[in-house]
Amino acid sequence: MVQNGPLIRYSFANPDEVLQLRLGENSSRLDLVTAGGAEQFTASKLKQKIRGTSVSYEDLAFKFLYWPTARVLGEENVRTRNCWKLQLRAPSRESQYSNVLLWVDKASGALMRMEGYDWNAQLAKRFEVVSAQKIEGRWFLKQMRVEELQPGTNHVLSRTYLEIKR
């Protein structure tokens with residue numbers, strides 16, 4: 001992963017694949033980068049899982065950050081960090097999630113935890129920062145745990161770890 005301002009580039013190997021995420025003021029856009037240029041992901045492709053993991057292309061696109069209906073539910077600690085707990089509601093059924101709960105570090109603005117709920121209001125997926133790393137004076141994600149849950153039971157179906165190596 002390489003970040004340059006509002007542009008995040010994800011590179012995968014075996015087979016090679018490059019994704020480019022552009023974070024804008026009012027929306028985000030996830031593209032597949034090919035020799036011919038950049039091709040935007042369709043709504044149906046966004047729901048697909050990436051390389052057999054629990055992570056979907058929609059998860060990488062951060063679309064939920066732009067949902068217009070959001071409210072602060074309160075404050076909670078995540079891994080000793082004082083966080084705002086927010087609820088965001090999907091504007092349409094294009095998303096796999098009906099709503100998302102976010103825990104945002106009050107001091108840094110970093111996303112510490114995310115829970116995605118399906119359209120039956122059941123917890124379907126949980127993301128949580130496990131560790132961070134300091135690179136050139138700035139904090140970056142080092143490891144994140146992603147759990148896909150069996151809705152209605154909280155039974156973990158799969159667990160994936162995303163690691164960013166410097």
Report task. Kindly indicate the residue of region 35-63 that is in a strand (DSSP E or B) and polar (S, T, N, Q) and also farthest from VAL156 (Cα to Cα) among those meeting that condition. Result -> GLN40
**Report entry** Matching option when the condition is farther than 29 Å from PRO151 by Cα, assigned to a strand (DSSP E or B) and in contact with a Leu (Cβ under 7 Å, 6 or more places away or on another chain), among LEU86, LEU32, LEU73, LEU102
**Finding:** LEU32
**Report entry** Sole exception among (1) more than 16 Å from LEU162 (Cα to Cα); (2) in contact (Cβ under 8 Å) with a residue 24 or more places away in the chain for LYS134, by number
**Finding:** (2)
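Which members of region 4-37 meet the condition of being polar (S, T, N, Q) and within 15 Å of the chain's Cα centre (by Cα)?
Step one: list which residues in region 4-37 are polar (S, T, N, Q), which gives 4, 11, 14, 20, 26-28, 34.
Selection gives GLN20, SER27, SER28.
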Report summary line: Of (1) on the phi < 0 side of the Ramachandran plot; (2) out of contact with any helix residue (DSSP H, G or I) (no Cβ under 7 Å at 6 or more places or on another chain), LEU88 fails just (2)
**Report entry** Pick from region 16-50, criterion exposed (fewer than 15 other Cβ atoms within 10 Å of the Cβ) and among the hydroxyl-bearing types (Ser, Thr, Tyr), ranking: nearest to ALA90 (Cα to Cα)
**Finding:** SER27
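Within region 15-47, take every residue that is of a type in the set (D, E, K, R) and in contact with a helix residue (DSSP H, G or I) (Cβ under 7 Å, 6 or more places away or on another chain) and give me the one that is farthest from ASP59 (Cα to Cα).
So the first thing to find is which residues in region 15-47 are of a type in the set (D, E, K, R), and the list is 16-17, 22, 25, 29, 31, 39, 45, 47.
From what is left, the residues that are in contact with a helix residue (DSSP H, G or I) (Cβ under 7 Å, 6 or more places away or on another chain) are 45, 47.
Details: LYS45: 12, LYS47: 8 Å.
Among those residues, the one meeting the criterion is LYS45.
To keep it simple, each residue is scored yes or no on (1) closer than 29 Å to SER11 by Cβ; (2) in contact with a Lys or Arg (Cβ under 9 Å, 6 or more places away or on another chain); (3) modelled with pLDDT of 90 or more.
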| position | (1), (2), (3) |
| --- | --- |
| SER28 | yes, yes, no |
| PRO68 | no, yes, yes |
| VAL78 | yes, yes, yes |
| ARG89 | no, yes, yes |
Query - For PRO91: the one exception among (1) touching a Ser or Thr at 6+ places or on another chain (Cβ under 8 Å); (2) part of a strand (DSSP E or B) - result: (2)
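Could you say whether any residue in region 117-128 is over 13 Å from the mean Cα position of the chain (by Cα), in a strand (DSSP E or B) and among the charged types (D, E, K, R)?
Narrowing region 117-128 to residues over 13 Å from the mean Cα position of the chain (by Cα): 117-124.
From the residues that got through so far, the ones that are in a strand (DSSP E or B) too are 117, 123-124.
This time we only want the ones that are among the charged types (D, E, K, R), so: none.
Checking region 117-128: not a single residue is over 13 Å from the mean Cα position of the chain (by Cα), in a strand (DSSP E or B) and among the charged types (D, E, K, R).
Residue-by-condition table, conditions (1) more than 29 Å from PHE41 (Cβ to Cβ); (2) touching a residue at least 40 places away in the same chain (Cβ under 8 Å); (3) surrounded by 19 or more Cβ atoms within 10 Å (Cβ to Cβ); (4) of a type in the set (S, T, N, Q):
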{"position": "ALA70", "(1), (2), (3), (4)": "no, no, no, no"}
{"position": "LEU73", "(1), (2), (3), (4)": "yes, no, no, no"}
{"position": "CYS83", "(1), (2), (3), (4)": "yes, no, yes, no"}
{"position": "GLN122", "(1), (2), (3), (4)": "no, no, no, yes"}
Query raised in the report: Which pairs do you get when a residue that is among the small types (Gly, Ala, Ser), found in region 14-36, comes within reach of a residue that is assigned to a strand (DSSP E or B), reach meaning Cβ atoms under 7 angstrom, with the pair 6+ apart or on two chains?
Result: SER28/LEU21; SER28/ARG22
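The values are calculated or read from the model by the stated rules, or taken from the named source; none is laboratory data. Quick caveat: nothing in here was measured; it's all calculated off a predicted structure. Every residue, glycine among them, receives a Cβ derived from its backbone with ideal geometry; neighbour counts consider all protein chains shown.
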